[in-house]
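Here the structure is laid out as structure tokens; the discussion comes afterwards.
Only the coordinates and a few stated rules stand behind these numbers; no lab work does. In this text the structure is predicted, and so the values were computed from the model without any measurement. Here Cβ is always computed from backbone atoms with ideal geometry, including for glycine, and neighbour counts include all displayed protein chains.
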Amino acid sequence: MTAAAPAAPAALPEPTQVPLLNVANLLTMSRLALVPVFLYALFADGGHDTFWRLVAASVFGVASITDHVDGRLARKHGLITDFGKIADPIADKALTGAALVGLSLLGELPWWVTLVIAVREIGVTLLRFWVIRHGVIPASRGGKAKTLAQVLAIALFLIPLPDWLTPLSWAVMGLAVALTVVTGIDYVIRAIRLRARGLRALAP
């Protein structure tokens, strides 16, 4: 009587391919597509028409919400793609940058505010590429607070508010600038530490 042949090992399941055109990436692309719509509304009729400013604020608000939603969907449903990793921060910076530059061109926001925020955001992006081979620096609570403060501050400047609320707009913008600078410095420190640890790990 012959012994039974050993059972063949079970085949491993094929890794699931995340489709490029998923709902998270579509939301990211919609945010990019809304940037020119936002700019058109912001500068319509000279940039100071109440109706068009409300339209611009609404478009900015919708686009900002998609930033929160697409990230949650990507993480919850496993829809993270290389395209999304690149396109999402580009869409964020395009929207925020367009709003800040637009408000400065209209003379409603000092250029130094726009430049401080722009330099920080571009600098952090370059730092990410600088340390990418050593790891990824996770978003901090300060970074999330910075993003929220920037969105709220820009929204307050976009909406045609009564004069007595002007100090509130400047207070929130001041908070956004302060958080932008502080979190930028923190990111530089963490990037230097991460790179130093990576180089020590690679040393013979």
Here, Val62 and Arg128, labelled 7 Å along Cα→Cβ, have an inter-label distance in nm of 2.6 nm
I need the phi-derived Karplus couplings for region 44-58: 6.51 cos²θ - 1.76 cosθ + 1.60, θ = phi - 60°, integer Hz, Gly and Pro marked x. 4, 6, x, x, 10, 7, 4, 4, 5, 5, 5, 5, 4, 5, 5
I want the local charge near Val116. Using Cβ-Cβ distances under 15 Å, sum +1 for each Lys or Arg and -1 for each Asp or Glu among the other residues. +2
Given a Förster distance of 45 Å, report the FRET efficiency between Ala201 and Ser104 from their Cβ-Cβ distance, rounded to the nearest 0.05. 0.55
